[in-house]
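Structure, as structure tokens:
The values are calculated or read from the model by the stated rules, or taken from the named source; none is laboratory data. Keep in mind that this is a model prediction, so the values were computed, not measured. A quick note on method: Cβ atoms are made from the backbone with ideal geometry, for glycine too, and the neighbour counts reach across all protein chains shown.
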Amino acid sequence: MTKASDLFVQALEAEGVDHVFGIPGEETLALLESLRTSGIRLVLTRHEQAAGFMAATWGRLTGTTGVCLATLGPGATNLVTAAAYAQLGAMPMLMITGQKPIRSGKQGHFQIVDVVDMMRPLTKYTRQLVSAGGIPAQVREAVRRSQEERPGATHLELPQDVAGEDTDAIVLPPVYSRRPVAEHKALDAAADAIRNARHPLLMIGAGANRKTTAKMLHAFVEKLGIPFFSTQMGKGVLDETGPLWLGTAALSDGDFVHRAIDLADCIVNVGHDVIEKPPFWMKRGRRTVIHVNYSPAVADEVYFPQIEVVGDIANSVWQLAERLEPQPHWDFAFFDRVRDALCADIGELAGDDRFPMSAPRLVSELGLLLNPGDITCLDNGLFKLWFARHARCRLPNTLLLDNALASMGAGLPSAMAAAMVHPDRKVVAVCGDGGFMMNSQELETAIRLRLDIVVLVLRDDAYGMIKWKQAHEGYESFGMDYGNPDFVRYAQSYGARGHRAGSIEGFSALLREALATPGVDLIEVPVDYGRDDGLLNRRIPEQAAAVR
């Protein structure tokens, strides 16, 4: 006979789980003891939300299921934002929560919330385990659902009395699954549309951000020479420093990339997810849109592709490349002019010498010091638009940003998980002062885990992005400004090294030193978003419109 909590941990190990992030509670003590004697590493955090962000990022980077643990009641409710973060961002994650005994109760309704019902709209799968015998199958299903396209969040609740049961159940053997392949007729129709177009254009979304898909897309563009752009979460799937990159759909309209989109008569939409960005490229009767994804398009008034290639994306891209050759009537001359104008604009804004720093200059300075495989993890704020627009990523998952839930507070935990997955790379967290303070206590976790990360805290003493929107919509400034701690001393109080930049040159020197020194460094960087409204809403649209 096996104790149910031991069986639960064995089932996790059988699914390849080797880390669990979280905070235990009274109702999860049996599970905690089973973890203690297992090969799984428990990563104790200071808040359940951070544990969830770390587990989701683990899943995002590895493709396996990140696992987080919380107790019942407030522990479980603290996972809600992380659940939505993983679910909307297509990151495979399993949440495990405890619960009071379900067969007898001596504490009435103390701390009891219907967690399974609470998680239902935020997950792909949520269940309460009512018997020890069901553990292997439920763990297998929760892990499978989390990884199955489209990936996302799952949840299992393990009551205290069930965890203590004895059972003769055993873990399930490994299973082999095969991804579906797209129909040949759909592939033929897509290839014909691309072949017959005059200005074909490739769009790369978050669903294409998979290792094999990136490899197939690289071969596709190398053979055919079709230019591409990406959504924010599709950055880095293809090398953005090459001559075929046309930009990132960071803004909704008016940017240089939108001029190329307007001209395109066939857009090959690979892995796009309408959660991330509205499909503004749809123009009824003006172009053919080819939907290449794991699942069919959900057609509505803003997205109605004429051709759907449904199946494994990597295989579909490979089969399209096999069917196609470069065509003499393809015309990319205007696309080339768009790219040249965009690159000139990025270069000009990168030369902004103001201090406090502008976000475009910050992106440039960071890019000069990081290697192509190093990882930048963004919290959410106005700076995210500039990183999405200006960072030239060369490899997948080297700019981790969230353009699905777009939650504040994820930057630091995400960077911590990235440093654990890739200890051989430099990892930088870029956080606004508002987002940083939402999970800043995890500096202690980073110190305890001996992680090597650099945290940039962009200080403007306000919720800068909403303040910009408030001003743009003509409202008086109200409710956006706050005070901040001394971030240098705050970092030092946790045992990290704290720094404050006093100039652009000083920032670059501090960043170079921090990247070269193992451990946790925090650099406070004063930033100025004062020109951003004029840049984003007037200057960029005007210069983009002038491209001929």
In the set Ala153, Ala208, which member is farther than 26 Å from Met1 by Cβ and assigned by TED's automatic domain parsing to the domain that holds Leu94?
Ala153
Just give me the residues in region 146-164 being surrounded by fewer than 21 Cβ atoms within 10 Å (Cβ to Cβ) and part of a loop (DSSP other than H, G, I, E, B), in sequence order.
Glu148, Glu149, Arg150, Gly164
Looking at Asn315 and the list (1) under 23 Å from Leu536 (Cβ atoms); (2) under 27 Å from the mean Cα position of the chain (by Cα); (3) in a helix (DSSP H, G or I); (4) not small (Gly, Ala, Ser), which single condition is not satisfied?
(1)
Checking Ala359 against (1) touching a Phe, Trp or Tyr at 6+ places or on another chain (Cβ under 9 Å); (2) surrounded by fewer than 22 Cβ atoms within 10 Å (Cβ to Cβ), which test does it fail?
(2)
If you take just the helices (runs of 4 or more DSSP H) that sit entirely in region 28-112, which of them hold at least 1 residues that are without any contact (Cβ under 8 Å) to a residue 12 or more places away in the chain?
29-36
Going through region 285-313 in order, the residues found to be surrounded by fewer than 20 Cβ atoms within 10 Å (Cβ to Cβ) and aliphatic (A, V, I, L, M) are Ala297, Val298, Ala299, Val302, Val310
When you go through (1) farther than 26 Å from Phe355 by Cβ; (2) without any contact (Cβ under 8 Å) to a residue 40 or more places away in the chain; (3) in contact with a His (Cβ under 9 Å, 6 or more places away or on another chain) one by one for Val488, which number turns out not to apply?
(1)
Candidates Leu29, Leu35, Leu44 - the one that is under 26 Å from Leu405 (Cβ atoms), surrounded by fewer than 24 Cβ atoms within 10 Å (Cβ to Cβ) and not assigned by TED's automatic domain parsing to the domain that holds Ile447:
Leu44
Residues satisfying the stated conditions in region 449-485, i.e. more than 16 Å from Gly435 (Cα to Cα), more than 24 Å from the chain's Cα centre (by Cα) and of a type in the set (Asp, Glu)
Glu473, Glu476
Would you confirm whether or not region 436-443 contains a residue that is closer than 18 Å to Val520 by Cα, among the charged types (D, E, K, R), assigned to a helix (DSSP H, G or I) and in the same structural domain as Ala514 (by TED's automatic domain parsing)?
yes
Yes or no: region 211-230 includes at least one residue that is assigned by TED's automatic domain parsing to the domain that holds Val292, free of Cβ contacts under 8 Å to residues at least 40 places away in the same chain, part of a helix (DSSP H, G or I) and more than 19 Å from His329 (Cα to Cα).
yes
Members of region 95-129 that are more than 18 Å from Gly66 (Cβ to Cβ) and at pLDDT 95 or above:
Gly98, Val115, Val116, Asp117, Met118, Arg120, Pro121, Arg127, Gln128, Leu129
Please find, among Ala189, Ala182, Ala169, the residue that is on the phi < 0 side of the Ramachandran plot, in contact (Cβ under 8 Å) with a residue 24 or more places away in the chain, assigned to a helix (DSSP H, G or I) and surrounded by 14 or more Cβ atoms within 10 Å (Cβ to Cβ).
Ala189
Taking Arg489, is it of a type outside the set (Gly, Ala, Ser) and in the same structural domain as Ala417 (by TED's automatic domain parsing)?
yes
